[in-house]
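This report concerns only the one structure given below.
Nothing in this text is a laboratory measurement; each read-out follows from the coordinates by a stated rule. Computed from a prediction, not measured in an experiment: that's the story for all the values here. Cβ placement follows ideal geometry from the backbone for every residue including glycine, while neighbour counts extend to all protein chains displayed.
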Amino acid sequence: MGIASEKTVHAVVVGDVMLDSWLLGSAKRLAQEAPVPVMSLEATENAPGGAANTAANLVALGARVRLVGVVGDDPSGDELVQSLRLLGVGTDLLTVPGRRTSHKRRLVASGQLTARYDEEDLDVIPEETERELLRRVAAALRGADVVVACDYGGGVFTRAVRRALAGFPLLVVDAHAVAPWRECAPAAVLPNFTEVVRLLGDEEAEENEVDRPAYLMARSDRLLELTGADMVVTTLDGEGTLLHRPGCPPYRTYAEPAPQHMATGAGDTYTAAFALWLAAGASPEEAAQAGQAAAGVVVRRPGTAICTRHDLLRALRRQEGAVQSPERLAELLDEHRRRGERVVFTNGCFDVLHRGHVTYLEQAGRLGDVLVVAVNSDASVARLKGPGRPVNPCEDRMSVLAALNDVDYVVEFDEDTPERLLRMIRPELYVKGGDYTPEMLPEAPLVRALGGEVRVLDYLPDHSTSAIIGRMKAPPEQLGNA
């Protein structure tokens, strides 16, 4: 799958901002007043939400961002602005006296979401505020590559504000109600299933359980007509998304299921990655895959999370598959180098994966951007280790390595040393784990001749494959004395 170019995208986000707070603690008893848990507050985590979360994700993904919206003259607004600046978001938020900043608080007791309460002001912004906001929007649009409109009914998007964005070549709209945006002819709109059935006026589908992907596929042309958009992305939470374009069958992405309470902000992350990939020259299908991969990153993290560019590129690589042939791997690594990424290479038999392996692979992964693990073939292991080895076939060993978070690519080699692979891959850093010095490694001179660095990493004592196999073969009485 193609990956967006390395040019810095200038993104403008306009919309309804909010502050998300996560109140964390434990609950060990019920209240006397009612059968509800009594929570002991231990920590509070604040994060930008809504349009502010979309902006924060865009920055983390590598864009230069200007955020335009309104906040209240209150502590929540101050906290939000401060957190955005710390994240590197260019803020152009208009403070409106007497208005409340939208603030959503979630109570989490021992990892379980128990309640949420919101403070928000959904009134339409006053005319004086609208005039100043229009001025700021016009200034922000100059030089922008993409505009993302986050319309959650918070009062920012008057008709005049929407019209100020009409005609922008790459306008991506994430709105609870997409119908009012039709006159703007957006490049893309991203409604969820509930928003779609409301747009279609289909009360029966809203009230009854239906096959959602099939339902949407049958109404693809109608969605494009009603929204006036060049493309529509219908999001289905744990069922993925459908990309609708004129003259094309709907393109589907698939999500890995996650708990619903972990999905906070995943839609904002999807929108950010989708818009950024489009602005960087990716196809709509590639942008949809990027959005899905980015959302998949944050739904596995607590709170209102952010997906970095490194997170996303790693997730996209996993979609393509970690196990690669040497020839394809060399091509993929050329792409990484064009983006200025550092390749780390290591090799071994990895016959029985153990804690020592995992520890040093974690260390290796932190030393660069892409970690390649080369694995000795079965024949190579037998020559090096003798009869009875390997214990596990190469296919199994590679699959286990590919499942580790820190490993990006796995490749097999049949020789006794990875010299041929090293010449093909030319890593910036070659690492080994064990009781060595760099001078003891036969690969070290070649790596240095190719312009790379050699480093030996810590290895946990008494954590070796040979030691583990030895203990497995030892009589029970010896194991008891170990």
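Against the main long axis of the alpha-carbon atoms of the chain, helix 284-298 sits at an angle near 80°. Sorting 192-205, 356-369, 24-37 by their mean Cβ neighbour count within 10 Å, with the most densely packed peptide first, gives 356-369, 192-205, 24-37.
Subtracting the Cα-Cα distance of Arg300 and Ser26 from 0.36 nm times their residue separation leaves 96.5 nm of extension gain.
Given the Cα-Cα distance of Ala379 and Gln82 and 0.36 nm per residue of separation, how much length would full extension add, in nm?
Values: separation 297, 0.36 × 297 = 106.92 nm, distance 5.90 nm.
Additional length available on full extension: 101.0 nm.
Shown for the range 105-264 is the translational diffusion coefficient from the Stokes-Einstein equation, using the Kirkwood radius over Cα pairs, a temperature of 37 °C and a viscosity of 0.692 mPa s: 186 µm²/s. So how tilted is helix 266-279 from the main axis of the chain? Cα-based, degrees 0 to 90, rounded to 10. Around 80 degrees separate the two axes.
Quick note on the range 180-283: its Rg to Rh ratio, both from C-alpha atoms and Rh being the Kirkwood radius, is 0.95. The angle between the Cα long axis of helix 51-60 and the main principal axis of the chain comes to about 30°, on a 0 to 90 degree scale. Counted over the range 323-472 with a bin width of 5 Å, the fraction of Cα pairs per bin, in whole percents, is 2, 10, 20, 23, 24, 14, 6, 2, 0, 0.
Positive end of the dipole of the chain (Cβ unit charges, origin at the Cα centre): among Val343, Asn46, Ala293, the Cα lying farthest that way belongs to Val343.
For the range 69-114, the alpha-carbon coordinates run over 37, 27, 15 Å along the three principal axes, in decreasing order. Count Lys and Arg as plus one, Asp and Glu as minus one, and take only other residues whose Cβ is under 14 Å from that of Ile306; the net charge is then -1. When the Cα atoms of the chain are aligned to their principal axes, the ranges along those axes come out at 80, 61, 44 Å in descending order. Here the peptides 379-385, 144-150 are ranked by packing, the mean other Cβ count within 10 Å, and the order with the highest first is 144-150, 379-385. Cβ-Cβ distance of Arg337 and Val210, R₀ of 35 Å, FRET efficiency by 1/(1 + (r/R0)^6): the value works out to about 0.15. Modelled this way, with points 7 Å down the Cα-to-C-beta line, the labels at Asp221 and Thr8 are 4.6 nm from one another. With helices as the sole contributors, the chain gives -11000 deg cm²/dmol at 222 nm; each DSSP H run of n ≥ 4 counts as -39500 (n - 2.57), and the sum is divided by every residue.
So if I take the centroid of the Cα atoms in the range 5-31 and the same for the range 35-51, what is the distance between those two points in Å? Rounded to whole Å, the Cα centres lie 12 Å apart. Roughly how far apart, in whole Å, are the Cα centres of the range 159-221 and the range 261-310? The distance from the Cα centre of the range 159-221 to that of the range 261-310 comes to 19 Å. Placing dummy labels 7 Å off each Cα toward the beta-carbon, the span from Glu327 to Glu127 is 7.1 nm.
I need the peptides 285-294, 386-395 ranked by packing, meaning the mean over residues of other C-beta atoms within 10 angstrom, with the highest value on top.
Numbers: 285-294: 25.6, 386-395: 14.4.
So the peptides 285-294, 386-395, ranked by packing, come out 285-294, 386-395.
Each Cα pair under 8 Å and six or more residues apart adds its separation to the average, and for the range 323-472 the resulting relative contact order is 29 percent.
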